[in-house]
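Here the structure comes first, spelled out in structure tokens, and everything after it is commentary.
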Amino acid sequence: MDISLQIDLHVHSEGSYDGSEPVDLILEHAADIGLDGVVITDHDAIAESLRAAELAPDYGLVGIPGVEVSTAHGHLLAVGVEEMPPRRAPYDETVEWIREHGGVAIVPHPFQRTRHGVRKKYIPDVDAVESFNAWLFTGYKNRRARRFADASGYPAVAASDAHQLPYVGRAYTEITVDAESRAAVTAADVLGAIREGSTGVQGRRA
């Protein structure tokens, strides 16, 4: 049967150079506000994300690891991988690496150069585009990202890009999976639904 999940795909913990929150607290908060999962995507570090994915079921959440990797052309979310992608490699090569390791490659905050968003000319075939990022100061870049995703036929996702606890879940992706029950949903189910475009965008700017 179809089950709708609410997952924040882009959250930073104390494992990030610019994060401050322990993953245990993030998981507890995510469960308290009704999310079905959060993906810890620290900058070029995956240890805390792996730990969060392992602990997630204790909070009733789907455990999905990830990382925000710095490529030669901007940042890229590697969701569903269990090891660190190569840093500073070309964008397209990093996308292929992520796929070869079972993950999905998602373009975060595209076109926003002040936050290492990739330029349009460097975006290859990807799995999804973050068309709503709660940490953009105006709606213009989000609207541009949404238009790009629609025109290119990429699934659109939303995320909080939270670096502090109160902002976790400020934006999230609605993901529809085919599973026997909510408790039976796996990370593979979620990744497959993203690839298929079974996503919806929800949230507000922080």
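The values are calculated or read from the model by the stated rules, or taken from the named source; none is laboratory data. The shown structure was predicted, so the numbers you read here are calculated from the model rather than taken from an experiment. Cβ sites come from the backbone with ideal geometry, for glycine too, and all protein chains shown count toward neighbours. SASA here: full protein model, heavy atoms, side chains in, ligands and nucleic acids out. Shrake-Rupley method; radii C 1.70, N 1.55, O 1.52, S 1.80 Å.
Remark: segment 1-146 carries 41 Å² of accessible area per residue (probe radius 1.4 Å; ligands, DNA and RNA excluded).
Considering only DSSP beta bridges where both residues belong to the chain, give the percentage that are antiparallel (nearest 5). Around 65 percent antiparallel, to the nearest 5. Ellipticity at 222 nm from helices only: DSSP H runs of n ≥ 4 in the chain, each -39500 (n - 2.57), divided by the residue count, give -7500 deg cm²/dmol. Residue 155: net charge of surrounding residues, Cβ under 9 Å, Lys/Arg +1, Asp/Glu -1, itself excluded? Net of charged neighbours comes to -1. Remark: the chain carries a charge dipole of roughly 1400 debye about the Cα centre, counting +1 on each Lys and Arg Cβ and -1 on each Asp and Glu Cβ. Its Cα centre serving as origin, segment 15-77 has a Cβ charge dipole (Lys and Arg +1, Asp and Glu -1) of approximately 180 debye.
In a reduced charge model with +1 at each Lys and Arg Cβ and -1 at each Asp and Glu Cβ, segment 1-107 shows a dipole moment near 280 debye about its Cα centre. Seen from residue 60, the other residues with C-beta closer than 13 Å to its C-beta sum to a net charge of -3, counting Lys and Arg as +1 and Asp and Glu as -1. For segment 24-94, the spread of Cα coordinates along the three principal axes comes to 38, 19, 16 Å, biggest extent given first.
The simple spin-label model puts a point 7 Å past each Cα toward its Cβ; for residue 14 and residue 195 those points are separated by 3.6 nm. How large a share of the accessible area of the chain, in percent, is made up of carbon and sulfur atoms when the probe is 1.4 Å and the other protein chains stay in place? After summing per-atom areas, the C and S share lands at 46 percent. Rank 66, 49, 132 by how far each Cα sits towards the positive end of the charge dipole of the chain (+1 on Lys, Arg Cβ; -1 on Asp, Glu Cβ) and give me just the farthest. So the residue furthest toward the plus end is 132.
Restricting the calculation to Cα atoms, the chain yields a radius of gyration followed by a Dmax of 15.1, 43 Å.
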